[in-house]
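Beneath this line is the structure, given in structure tokens, with notes to follow.
The values are calculated or read from the model by the stated rules, or taken from the named source; none is laboratory data. Owing to the predicted nature of the structure, the values given are computational and were not obtained by experimental measurement. Every residue, glycine as well, gets a Cβ built from its backbone with ideal geometry; the counts of neighbours run over all protein chains shown.
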């Protein structure tokens, strides 16, 4: 029986500068591009917020393999 490998999934993660347990993560491609039109309205607002406060509240985002 041949199994098809699951495609790799990525997320763009904005880690809080002040609270290690706080972060925002958004689905993206391997280059870190987020399809903003595919996000829910709330996720879109969070994404735009996180981008706005990079360096003040969140670190520069990192692309990583999604855990789920």
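Could you look through segment 1-16, keep only residues that are surrounded by 11 or more Cβ atoms within 10 Å (Cβ to Cβ) and within 18 Å of residue 67 (Cα to Cα), and pick out the one that is modelled with the lowest pLDDT?
Checking each candidate, the answer is 9.
Could you give every pair whose Cβ atoms fall below 6 Å, whose first residue belongs to segment 30-44 and is on the phi < 0 side of the Ramachandran plot and exposed (fewer than 10 other Cβ atoms within 10 Å of the Cβ), and whose second residue is modelled with pLDDT under 95 and not in a loop (DSSP other than H, G, I, E, B), counting only separations of at least 6 or pairs across chains?
none
Restricting attention to segment 46-67, does a residue exist that is modelled with pLDDT of 95 or more, in a helix (DSSP H, G or I) and exposed (fewer than 13 other Cβ atoms within 10 Å of the Cβ)?
yes
Within segment 17-29, can you find the residues that are exposed (fewer than 14 other Cβ atoms within 10 Å of the Cβ) and in contact with a strand residue (DSSP E or B) (Cβ under 9 Å, 6 or more places away or on another chain)? Please lay out each step first, then the result.
Filtering segment 17-29 down to residues exposed (fewer than 14 other Cβ atoms within 10 Å of the Cβ) leaves 18-22, 29.
Answer for segment 17-29, where residues must be exposed (fewer than 14 other Cβ atoms within 10 Å of the Cβ) and in contact with a strand residue (DSSP E or B) (Cβ under 9 Å, 6 or more places away or on another chain): 22, 29.
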